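The values are calculated or read from the model by the stated rules, or taken from the named source; none is laboratory data. Please read all numbers here as calculations on a predicted model, not as lab measurements. All Cβ positions, glycine included, derive from the backbone under ideal geometry; neighbour counts span all protein chains shown.
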Amino acid sequence: MGTKGLRNGAILTFFVSMGILLIGGHFAKEKVPPIPEKVVVGETVLTDRAAIMRGQDVYQRYGLMDHGSVWGHGSLRGMDFSAHTLHCLGALIKQYHAASGQPDAEAYKALPPKPQRELDEAAVKVAQEIRVNRYDDKSKTLELTPAQGYALEQMRKYWDREFAEGDPRYGFLKDTVPRADERKDLADFFFWTAWAAGTNRPGENYSYTNNWPADRSIGNTASAEALVWSLGSILSLFAVLGIVVYVVHRYGFFYGESKAVEAAQRLLESPVTASQRASAKFFLIAGLLFIVQIFNGGLLAHYTVHPSSFYVKIVGEMYPYSWAKSWHLQLAILWIAVSWMGTAVYLAPLVGRREPPAQRLLVNILFIAAVAVTVGSLFGEVLGIKGYLGQAWFWLGHQGWEYLELGRLWQILLFGGLIFWLVVVYRAMLPALYSEPGESEDTANRRALTIFYVLSAVFVVAFFGFGLMYSRGTHLTIADYWRWFVVHIWVESIFEFFGVAVISLFLVTLGLVSAKSALRVAYLTAILVFISGIPGTAHHYFWYGGPSFWLAIGGVFSSLEPIPLILLVVRAWMEYRSIRAEGKEFPYRWPLYFLTASSVWNFVGAGMFGFLINLPIVNYYEHATYLTANHAHTALFGVYGMLAIALILFSWRGLVENRYWNDRILMLSFWGLNLGLFLMFSTGLLPIGMLQVWTSYDQGFWYARSADFYETQLVQTLGNWRILPDTIIIVLGAFPLLYFLLSTYPRLRKVGESEAGTTGQRH
């Protein structure tokens, strides 16, 4: 299979995949759950569209998506507000009918009731009442039954109490939502999400959220589509996997000639440029952000067991769950992004074989901008959560969307900073992007690989721009559609596209893989990444209020996600083992070890665990449980975190004087991080997630996310056990890495200095 054919295949696959997702979104936007202009019981207006949208504002403003979830999107520790509301509505309607229409004014104080395993006669009537769609599309009016109207009033009282008085079982502080009118609007918003989750679509026997969440008490059970397309997903995986195995072996993708260990040694002897030395600051900041990020992760793990405090109550009051969750997610993205930015700056003169004028100045400007946006966005999120920014919350504070919490102003500035980063890198790589007369095949392949890398960086920046497609007041379903364009396509497609480009340059530069072999595998990987990762975004649309065709698209294409990234790293590891067998010392072994760890975690986290939870029938019961967190930690930290550390160490190896390089510290860090992550998922996230899936099937999803579930002895024991893997990650993994970076920073090579001690000027 020729390189040109693979390149054209990658281009075609990208446009076809984007077409599938965009066309699906076009038809889906007409199928979103309607927001009624009025909600009435008889002639009495209970609420309206304006109140519901104000409630969505409140949900976003105070960072409640980082303290719970709606339709399963958000934090995985607190309650799911829509599932909880829906179950309570069913219980209250049942109470209303049991009292013959004479409601108990104090009934809300007893919520939620104990779970019921089987439906009784009264529950059947409740389910029927909830599932009838009484929305009139012509008048844009939703008519409720008297029992539903009563239930709404009671839920307003319930949510008012939760967010005014606080609830230590869920970590809600006093005055989490400070104003009574805001709490009323919030309750109306939660009611609307529950109505959409329990009421049948017009002409269908499933709700607007495809019958999610699982709750037999109100008639929500898995649809036939979820089962059928799960079977289709399994079949598609085996079919495509068989084709890929055939192609790899038929066309010999892993059999290129390498340059051996001498290439790595020549790389060390290359003089350090001014911009490369300036890039070291990025890696120090990445290390510091990494430390703060995992400390917030440890705090979140503690809050899982003790939601309101960290040993002393004042910590929980001053540093609430939503704050820790926002920073934990934002810092994960930021430290990985900063490390990638620094690596690109370091690589650019190596690839372009020149140092452009004023490159160091531009790198320093980029660094200052990155720090400013990081600090501004992080503290803006805190001020927004605490309600200090007033109506400026959306622009300066907390947008309220998980993973994209940063205020819109910081989001725009970050987007601009990424564009500036592209310019800085591009100008240094420019000579390597143009062909020269009479160039060799190897040179042409290296140039194509460089173009592949630059294009992947452009994609990283461009897809971040989709986060600007929604604004304050955008319909929840439509906003989530665009949000996942950034979050999922970044992680499961564009980041992998960028990752394989960086890895390819990394391995070719080290002499572990020939340019031709790396380029062919890169194109093949891009094809697989695009066809699986882009339409595979639809698995986030299963239950978000979109039509049922997302079950087919998301189920089939998501099943292909385990296949891609491991291909290239297997080839590199084969070559590295051959070098060691020759008895030659390889100077970049620890970057390569972390790179290999990234590939292993890619198979485990993104492959095994991702495939498991992406099957529609499994996802129906698993969505928004600890199995999702299990996948997220092993995929995001395991794949991209390890890759980021590999790239940091690759760059650092060329910047630090050889005599100060300490393999023992890096060995400790490597095993500390990987052992800690293994124990984290195997002894905590995975077993708790399995328990939640069982509970979701047996008693309903709302109960699997309730305080009663988290307070069971087994979950508490597993939660307390998290102190061991967290300690290993922090003490044996992150601290040694940061110490190594800080202690060797004063030992950076001088500009123009090589490892051999020579000086020279790069032209």
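What number of residues within the range 224-237 are under 27 Å from the mean Cα position of the chain (by Cα) and closer than 27 Å to Gly90 by Cβ?
3
Can you pull out every residue in the range 122-147 that is farther than 19 Å from Ser100 by Cβ and not in a loop (DSSP other than H, G, I, E, B)?
Hits for the range 122-147 are Ala127, Ile130, Arg131, Tyr135, Asp136, Thr141, Leu142, Glu143.
Quick check, is Gly473 at positive phi and free of Cβ contacts under 8 Å to residues at least 40 places away in the same chain?
Here the answer is no, as Gly473 does not meet what is asked.
Do we find that Ala324 is in contact (Cβ under 8 Å) with a residue 60 or more places away in the chain and closer than 22 Å to Trp410 by Cα in this structure?
In short, no.
Scanning for something surrounded by fewer than 17 Cβ atoms within 10 Å (Cβ to Cβ), under 26 Å from Met53 (Cβ atoms) and either touching a Lys or Arg at 6+ places or on another chain (Cβ under 8 Å) or without any contact (Cβ under 8 Å) to a residue 40 or more places away in the chain (or both), does the range 391-404 turn up at least one residue?
Yes, the range 391-404 contains a residue that is surrounded by fewer than 17 Cβ atoms within 10 Å (Cβ to Cβ), under 26 Å from Met53 (Cβ atoms) and either touching a Lys or Arg at 6+ places or on another chain (Cβ under 8 Å) or without any contact (Cβ under 8 Å) to a residue 40 or more places away in the chain (or both).
Looking at (1) modelled with pLDDT of 95 or more; (2) surrounded by fewer than 19 Cβ atoms within 10 Å (Cβ to Cβ), find the lone condition where Lys4 falls short.
It fails just one condition, (1).
Quick one: which residue in Tyr453, Tyr470 is part of a loop (DSSP other than H, G, I, E, B) and among the aromatic types (Phe, Trp, Tyr)?
Every option except Tyr470 fails the conditions.
Only one of (1) farther than 30 Å from Val656 by Cβ; (2) among the aromatic types (Phe, Trp, Tyr); (3) surrounded by fewer than 22 Cβ atoms within 10 Å (Cβ to Cβ) is not met by Tyr303, so which one is it?
(3)
For (1) in the same structural domain as Gly473 (by TED's automatic domain parsing); (2) within 23 Å of the chain's Cα centre (by Cα); (3) over 30 Å from Ser322 (Cα atoms); (4) of a type outside the set (Asp, Glu), each residue gets a yes or a no:
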residue: Leu12; (1), (2), (3), (4): no, no, yes, yes
residue: Val16; (1), (2), (3), (4): no, no, yes, yes
residue: Ile20; (1), (2), (3), (4): no, yes, yes, yes
residue: Thr44; (1), (2), (3), (4): no, no, yes, yes
residue: Ala50; (1), (2), (3), (4): no, no, no, yes
residue: Arg54; (1), (2), (3), (4): no, no, no, yes
residue: Gly72; (1), (2), (3), (4): no, yes, no, yes
residue: Leu76; (1), (2), (3), (4): no, yes, no, yes
residue: Met79; (1), (2), (3), (4): no, yes, no, yes
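With respect to Leu666, determine if the residue is in contact with a Ser or Thr (Cβ under 9 Å, 6 or more places away or on another chain), part of a helix (DSSP H, G or I) and either in the same structural domain as Glu622 (by TED's automatic domain parsing) or among the aromatic types (Phe, Trp, Tyr) (or both).
no
Looking at the range 148-192, which of the residues that are assigned to a loop (DSSP other than H, G, I, E, B) and among the basic types (Lys, Arg) is surrounded by the most Cβ atoms within 10 Å (Cβ to Cβ)?
Of everything passing the filter in the range 148-192, Arg169 is surrounded by the most Cβ atoms within 10 Å (Cβ to Cβ).
When the range 45-68 is examined, which residues are found to be under 16 Å from Tyr544 (Cα atoms) and either at pLDDT below 95 or of a type in the set (A, V, I, L, M, F, W, C) (or both)?
Met65, Gly68, listed by residue number.
Would it be correct to say that Gly387 is surrounded by fewer than 23 Cβ atoms within 10 Å (Cβ to Cβ) and over 25 Å from His633 (Cα atoms)?
Answer is yes for this residue.
Name the pairs whose Cβ atoms lie under 6 Å apart, with the first residue in the range 714-739 and touching a residue at least 12 places away in the same chain (Cβ under 8 Å) and among the charged types (D, E, K, R), the second part of a helix (DSSP H, G or I) and surrounded by 17 or more Cβ atoms within 10 Å (Cβ to Cβ), and 6 or more positions between them or separate chains?
Arg722/Ala301; Arg722/Gly684; Asp726/Gly298; Asp726/Ala301
Here is a yes/no grid of residues against (1) surrounded by fewer than 16 Cβ atoms within 10 Å (Cβ to Cβ); (2) modelled with pLDDT under 95; (3) in contact with an Asp or Glu (Cβ under 9 Å, 6 or more places away or on another chain); (4) within 16 Å of Ala597 (Cα to Cα):
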site: Ser669; (1), (2), (3), (4): no, no, no, yes
site: Asn674; (1), (2), (3), (4): no, no, no, yes
site: Leu677; (1), (2), (3), (4): no, no, no, yes
site: Thr683; (1), (2), (3), (4): yes, yes, no, no
site: Leu691; (1), (2), (3), (4): no, no, no, no
site: Asp698; (1), (2), (3), (4): yes, yes, no, no
site: Ser706; (1), (2), (3), (4): no, yes, no, no
site: Tyr710; (1), (2), (3), (4): no, yes, no, no
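Given (1) part of a helix (DSSP H, G or I); (2) at pLDDT 65 or above; (3) surrounded by fewer than 24 Cβ atoms within 10 Å (Cβ to Cβ), where does Phe586 come up short, assuming only one miss?
Unmet condition: (1).
Filter the range 141-183 for residues that are more than 28 Å from Val312 (Cβ to Cβ), small (Gly, Ala, Ser) and out of contact with any strand residue (DSSP E or B) (no Cβ under 6 Å at 6 or more places or on another chain) and give the result.
Ala147, Ala151, Ala180
Conditions: (1) on the phi < 0 side of the Ramachandran plot; (2) under 22 Å from the mean Cα position of the chain (by Cα). Gly400 meets all but one. Number of the miss?
Condition not satisfied by Gly400: (1).
Can you tell which of Val363, Val345, Val351, Val423 is of a type in the set (A, V, I, L, M, F, W, C), in a helix (DSSP H, G or I) and surrounded by fewer than 20 Cβ atoms within 10 Å (Cβ to Cβ)?
Exactly one residue qualifies, and that residue is Val423.
Could you say which residue among Ala644, Ala624 is outside any helix (DSSP H, G or I), over 17 Å from Leu732 (Cβ atoms) and in the same structural domain as Ser504 (by TED's automatic domain parsing)?
Numbers: Ala644 fails: outside any helix (DSSP H, G or I).
Answer to the selection: Ala624.
Could you grab me the full set of residues in the range 629-666 that are of a type in the set (Asp, Glu) and over 20 Å from Leu512 (Cβ atoms)?
The one that is of a type in the set (Asp, Glu) and over 20 Å from Leu512 (Cβ atoms): Glu657.
Read through the list (1) surrounded by 20 or more Cβ atoms within 10 Å (Cβ to Cβ); (2) more than 26 Å from Gln692 (Cβ to Cβ), then give the number of the only condition that Gly219 fails.
Checking Gly219 against (1) surrounded by 20 or more Cβ atoms within 10 Å (Cβ to Cβ); (2) more than 26 Å from Gln692 (Cβ to Cβ), the one that fails is (2).
Among the numbered criteria (1) of a type in the set (Asp, Glu); (2) buried (at least 19 other Cβ atoms within 10 Å of the Cβ); (3) not assigned by TED's automatic domain parsing to the domain that holds Pro146, which single criterion is violated by Glu30?
Only one criterion in (1) of a type in the set (Asp, Glu); (2) buried (at least 19 other Cβ atoms within 10 Å of the Cβ); (3) not assigned by TED's automatic domain parsing to the domain that holds Pro146 is unmet by Glu30, namely (2).
Being aromatic (Phe, Trp, Tyr) and in contact (Cβ under 8 Å) with a residue 40 or more places away in the chain is the filter here, so list the residues in the range 679-699 that pass it.
To start, the set of residues in the range 679-699 that are aromatic (Phe, Trp, Tyr) comprises 681, 694, 697.
If the condition is that a residue be aromatic (Phe, Trp, Tyr) and in contact (Cβ under 8 Å) with a residue 40 or more places away in the chain, then Phe681, Tyr697 are the ones that fit.
If only one of Ala479, Ala501 is more than 21 Å from Trp212 (Cβ to Cβ) and among the small types (Gly, Ala, Ser), which one is it? Explain how you work it out, then say what you get.
On the way: Ala479 fails: more than 21 Å from Trp212 (Cβ to Cβ).
Going through Ala479, Ala501 in turn, just one is more than 21 Å from Trp212 (Cβ to Cβ) and among the small types (Gly, Ala, Ser): Ala501.
If a residue has to be closer than 20 Å to Glu204 by Cα, in a loop (DSSP other than H, G, I, E, B) and either among the β-branched types (Val, Ile, Thr) or without any contact (Cβ under 8 Å) to a residue 40 or more places away in the chain (or both) to count, how many in the range 21-51 make the cut?
2
Among the numbered criteria (1) over 23 Å from the mean Cα position of the chain (by Cα); (2) assigned to a helix (DSSP H, G or I); (3) not β-branched (Val, Ile, Thr), which one does Ser435 miss?
Status for Ser435: all satisfied but (2).
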